[in-house]
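Visitor: One structure, pasted below without further comment.
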Amino acid sequence: LFFPLSPPPGLMRLTSHNTQALYRGFTLFLTFLFYTSYHLSRKPISIVKSELHKNCSTLIRPPNLNGTDNETWCDWAPFDQDNYQTLFGAVDNSFLVAYAIGMFFSGIFGERVPLRYYLTTGMLLSGLFTCLFGLGFYWNIHSIWYYAFVQAMNGLVQTTGWPAVVACVGNWFGKGKRGFIMGVWNSHTSVGNILGSLIAGIFVSSAWGMSFIVPGIIIASTGILCFFFLVESESVVIEKVGDNEEIFSSPGLSNSISSESTEEHTEAISFCRALRIPGVMEFSLCLLFAKLVSYTFLYWLPLYISNVADNDLLSHFDSKEAGDMSTLFDVGGIVGGVVAGLVSDQTGGRASTCCVMLIVAAPMLFLYNHIGQHSLATTIGMLLVCGALVNGPYALITTAVSADLGTHESLRGNSRALSTVTAIIDGTGSIGAALGPLLAGLISPTGWNNVFFMLITADILACLVSF
């Protein structure tokens, strides 16, 4: 460890009923809240894009406005040019690529720094960079390099979140119930996306900078909450002595174990050793392809719904309505994550659960592309089914599977490996998250059928590597 473990200051107020159940429930609630704020702060960019570049011909131009370009007078430079889609892509990929690269190193630091300090620092810095993007509105900044740099830095500091929260939850819950508990807990992703959309939507038309500043303040505030209240593992427990004095102890460590043995079982592991844990490479590659499919839907589904609909009712969907419809994919993902976790707990087969869901997902993706837009009911049903089948394995791998591998028997009880294992798996998956939207942008001009062919191929590859 770089820093010794110390008690969270605020927890001294919460020890009147000192039970393991209290700590477990409180940790589950806090980590849910923390990662909800991470996703909440990521979402505004997708909402604000429509404000940075819009159809100015439908708006009334103020008479005192300088300039002569009637087509882009309402746009925000540099996104007022014909290459605005390329610029938006550069901003998106600045975040995604930095996140993918940073994730491989995040777990290494997470093992060596107390998770409470690590999460607190990450959330405070993420709040700073999220606010800096919004301050570009008030500072009248029109440089693509500024926005790309801020997004890249935000991508790096956001890597502190996932390995740390999974490690915290994995430390408190045993393997027998991880799947179901983490399946429910993993809904924080969708909850954060929904809240981020709602908050950004409040300010986007009047002052889009606040669409970033308010989420930035929220995640920074949760960072302060983390510092005062997070208990990161069972090895640190409050014991009350007398009426007022409270001390920290480590009851999980037997007195018969020597200090050398304790140090051996809690020391951080290397990146290469983590890769040698059975299952890490396989599930990392599986997540790469699963996340490629999921993030392609995340970034391109609203456009697909609005462009490809062949029914009179669906063809009248505007951008906002198509975006609202696309959230059904996330709703299905919540259900899929819970079901995947519950089934894997009952059967004991994480890999087989992922494989079965991915096998069924391939024909469902094909059907959605060919019949999913024929009616409103078909669209809703297919989105829910595809969301469950695609995001179910994704949620299971990033939560319960990562926690299982991070506490694998080959580690001889070294729980500090959990952060590195989680970072390797999610970092590999994040490569797919960056590739999916990029490939969809390159392939979509040739036809949406080719995009879905790519998604089905990725889904099949995810299934094959999960065996």
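Visitor: Taking the stated definitions as given, is PHE203 surrounded by 24 or more Cβ atoms within 10 Å (Cβ to Cβ) and among the hydrophobic types (A, V, I, L, M, F, W, C)?
Guide: No; evaluated as a whole, the condition is false for this residue.
Visitor: Kindly indicate whether ILE213 is at pLDDT 85 or above, under 30 Å from ASP426 (Cα atoms) and surrounded by fewer than 17 Cβ atoms within 10 Å (Cβ to Cβ).
Guide: No.
Visitor: Please go through the range 16-39 and pick out each residue that is open to solvent by less than 10 Å² (accessible area, probe 1.4 Å) and either at pLDDT below 90 or among the small types (Gly, Ala, Ser) (or both).
Guide: Result: THR27, SER37.
Visitor: Let me ask another. Considering each residue of the range 79-128, count those that are assigned to a helix (DSSP H, G or I) and closer than 24 Å to THR428 by Cα, and give that number.
Guide: 33
Visitor: Give the residue that is farthest from ILE213 (Cα to Cα), with candidates limited to residues of the range 94-128 that are under 15 Å from the mean Cα position of the chain (by Cα) and polar (S, T, N, Q).
Guide: SER106
Visitor: Sticking with this structure for a sec: Inside the range 331-364, can you point out the residues that are of a type in the set (Gly, Ala, Ser) and either open to solvent by 60 Å² or more (accessible area, probe 1.4 Å) or part of a helix (DSSP H, G or I) (or both)?
Guide: Within the range 331-364, GLY332, GLY333, GLY336, GLY337, ALA340, GLY341, SER344, GLY348, ALA351, SER352, ALA361, ALA362 meet the criteria.
Visitor: Would you check which residues across the range 118-128 are surrounded by 18 or more Cβ atoms within 10 Å (Cβ to Cβ) and touching a residue at least 40 places away in the same chain (Cβ under 8 Å) and list them? Talk me through it step by step, then tell me what you get.
Guide: Our first condition is that a residue be surrounded by 18 or more Cβ atoms within 10 Å (Cβ to Cβ); within the range 118-128, this holds for 118-120, 122-127.
If the condition is that a residue be surrounded by 18 or more Cβ atoms within 10 Å (Cβ to Cβ) and touching a residue at least 40 places away in the same chain (Cβ under 8 Å), then TYR118, LEU119, THR120, GLY122, MET123, LEU124, SER126, GLY127 are the ones that fit.
Visitor: Look at THR327 and say whether it is modelled with pLDDT of 65 or more, open to solvent by 10 Å² or more (accessible area, probe 1.4 Å), of a type in the set (Val, Ile, Thr) and within 19 Å of the chain's Cα centre (by Cα). Give the steps one after another, and end with the answer.
Guide: Values: modelled with pLDDT of 65 or more: yes; open to solvent by 10 Å² or more (accessible area, probe 1.4 Å): yes; of a type in the set (Val, Ile, Thr): yes; within 19 Å of the chain's Cα centre (by Cα): yes.
Against the criterion (modelled with pLDDT of 65 or more, open to solvent by 10 Å² or more (accessible area, probe 1.4 Å), of a type in the set (Val, Ile, Thr) and within 19 Å of the chain's Cα centre (by Cα)), THR327 qualifies.
Visitor: Please go through the range 440-467 and give me each residue that is of a type outside the set (Val, Ile, Thr) and at pLDDT below 85, ordered by number.
Guide: ALA440, GLY441, LEU442, SER444, PRO445, GLY447, TRP448, SER466, PHE467
Visitor: So, of the residues in the range 40-78 that are within 27 Å of PRO302 (Cβ to Cβ) and among the acidic types (Asp, Glu), which turns out to be modelled with the highest pLDDT?
Guide: GLU51
Visitor: Among the residues of the range 365-381 satisfying the criterion of being hydrophobic (A, V, I, L, M, F, W, C) and surrounded by fewer than 21 Cβ atoms within 10 Å (Cβ to Cβ), which is nearest to LEU288 (Cα to Cα)? Full working, then the answer.
Guide: Looking only at the range 365-381, we keep the residues that are hydrophobic (A, V, I, L, M, F, W, C), and these are 365-367, 371, 376-377, 380.
Still in the list and also surrounded by fewer than 21 Cβ atoms within 10 Å (Cβ to Cβ): 366-367, 371, 376-377, 380.
Details: PHE366: 20, LEU367: 23, ILE371: 28, LEU376: 32, ALA377: 31, ILE380: 27 Å.
Here the residue is PHE366.
The values are calculated or read from the model by the stated rules, or taken from the named source; none is laboratory data. As the structure is a prediction and not an experimental result, all values here were calculated from the model. Because the Cβ atoms are built from the backbone with ideal geometry, glycine has one as well, and the counts that use them run over all protein chains shown. The accessibility values were calculated without ligands, DNA or RNA, using every heavy atom of the protein model including side chains. Shrake-Rupley method; radii C 1.70, N 1.55, O 1.52, S 1.80 Å.
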